[in-house]
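See structure below.
The values are calculated or read from the model by the stated rules, or taken from the named source; none is laboratory data. The structure presented is a predicted model; accordingly, all values stated were derived computationally and were not measured. Counting neighbours? That spans all protein chains shown, and the Cβs are built from the backbone with ideal geometry, glycine included. We work out accessible area using only protein heavy atoms, side chains counted, and drop any ligands, DNA or RNA first. Shrake-Rupley method; radii C 1.70, N 1.55, O 1.52, S 1.80 Å.
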Amino acid sequence: MSNELTVTNPREVAQAFKQSGLFPDLKSEAEAYVKVLAGQEMGIGPMASMSGINVIQGKPTLSANLLAAQVKRHPAYDYFVLAHSNDCCRIEFKQRGETIGVSEFTMDDAKQAGVARGQNWSKYPKAMLFARALTQGVRWYCPDVTAG
């Protein structure tokens, strides 16, 4: 007997998430439904979907941590952090063991993009640089890890 939970009715799961009060930023049951359904299409469980999928400008978007997990669990892809400081994060992406590219994001890039002014950037620059370098690299080198 398997211990794996299979979501047969995402609407019921979404309703339970909304009613639980565990996700105070959740705007509606419909938003929870979208997150759970989007995650289900990518093989992501309901709890990870609720925690790691954000609806940004009406579009379900995976957090950097969830994207990192998707890359690591994909049979063809992997990534390795080459440099990581408060000024720069450089990540190498591989496909079947071969380097397919390097993604780098610097504080200068963040300033140019107009994102370095936020509180998270001043408090957690290393985390924010990793998130940007990783998401940029996934878009460039292995976008199929998010395909449903």
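Can we say T8 is under 28 Å from P125 (Cβ atoms), hydroxyl-bearing (S, T, Y), surrounded by fewer than 18 Cβ atoms within 10 Å (Cβ to Cβ) and free of Cβ contacts under 8 Å to residues at least 40 places away in the same chain?
Working: under 28 Å from P125 (Cβ atoms): no; hydroxyl-bearing (S, T, Y): yes; surrounded by fewer than 18 Cβ atoms within 10 Å (Cβ to Cβ): yes; free of Cβ contacts under 8 Å to residues at least 40 places away in the same chain: yes.
The answer is no for T8.
Might you let me know whether segment 51-65 holds any residue that is part of a helix (DSSP H, G or I), free of Cβ contacts under 8 Å to residues at least 40 places away in the same chain, surrounded by 15 or more Cβ atoms within 10 Å (Cβ to Cβ) and of a type in the set (S, T, Y)?
Checked segment 51-65: at least one residue is part of a helix (DSSP H, G or I), free of Cβ contacts under 8 Å to residues at least 40 places away in the same chain, surrounded by 15 or more Cβ atoms within 10 Å (Cβ to Cβ) and of a type in the set (S, T, Y).
Looking for something more than 26 Å from A127 (Cβ to Cβ) and either open to solvent by less than 20 Å² (accessible area, probe 1.4 Å) or part of a loop (DSSP other than H, G, I, E, B) (or both) - is there at least one such residue anywhere in segment 20-31? Give the derivation first.
Residues of segment 20-31 that are more than 26 Å from A127 (Cβ to Cβ), as a first pass: 20-21, 28-30.
From what's left, either open to solvent by less than 20 Å² (accessible area, probe 1.4 Å) or part of a loop (DSSP other than H, G, I, E, B) (or both): 21, 28.
Yes - at least one qualifying residue is present in segment 20-31.
From the list S103, S85, which one is over 29 Å from A38 (Cα atoms) and of a type in the set (G, A, S)?
On the way: S103 fails: over 29 Å from A38 (Cα atoms).
Being over 29 Å from A38 (Cα atoms) and of a type in the set (G, A, S) holds for just one of S103, S85, which is S85.
Restricting to segment 37-46, and then to whatever is outside any loop (DSSP other than H, G, I, E, B) and within 14 Å of the chain's Cα centre (by Cα), can you tell me which residue is surrounded by the most Cβ atoms within 10 Å (Cβ to Cβ)? Talk me through it step by step, then tell me what you get.
Quick first cut of segment 37-46, residues outside any loop (DSSP other than H, G, I, E, B) only: 37-41, 46.
Applying the additional criterion that residues be within 14 Å of the chain's Cα centre (by Cα) yields 38-39.
On the way: A38: 20, G39: 25.
Only one residue fits best here, namely G39.
Cβ-Cβ under 8 Å, sequence separation 6+ or interchain: first residue in segment 104-117 and at pLDDT 95 or above, partner open to solvent by 70 Å² or more (accessible area, probe 1.4 Å) and part of a strand (DSSP E or B). Which pairs?
E104/R90
Restricting to segment 35-64, name every residue that is polar (S, T, N, Q) and at negative phi. First the steps, then the outcome.
Taking segment 35-64 as the starting set, the residues that turn out to be polar (S, T, N, Q) are 40, 49, 51, 54, 57, 61, 63.
Once the filter is applied, which keeps residues that are polar (S, T, N, Q) and at negative phi, segment 35-64 yields Q40, S49, S51, N54, T61, S63.
Would you check if there is a residue in segment 125-146 being out of contact with any His (no Cβ under 7 Å at 6 or more places or on another chain) and over 18 Å from L62 (Cα atoms)?
Among the residues of segment 125-146, at least one is out of contact with any His (no Cβ under 7 Å at 6 or more places or on another chain) and over 18 Å from L62 (Cα atoms), which makes the answer yes.
Out of the residues in segment 29-60 that are modelled with pLDDT under 90 and among the polar types (S, T, N, Q), state the one that is farthest from R139 (Cα to Cα).
Among them, the one singled out is Q40.
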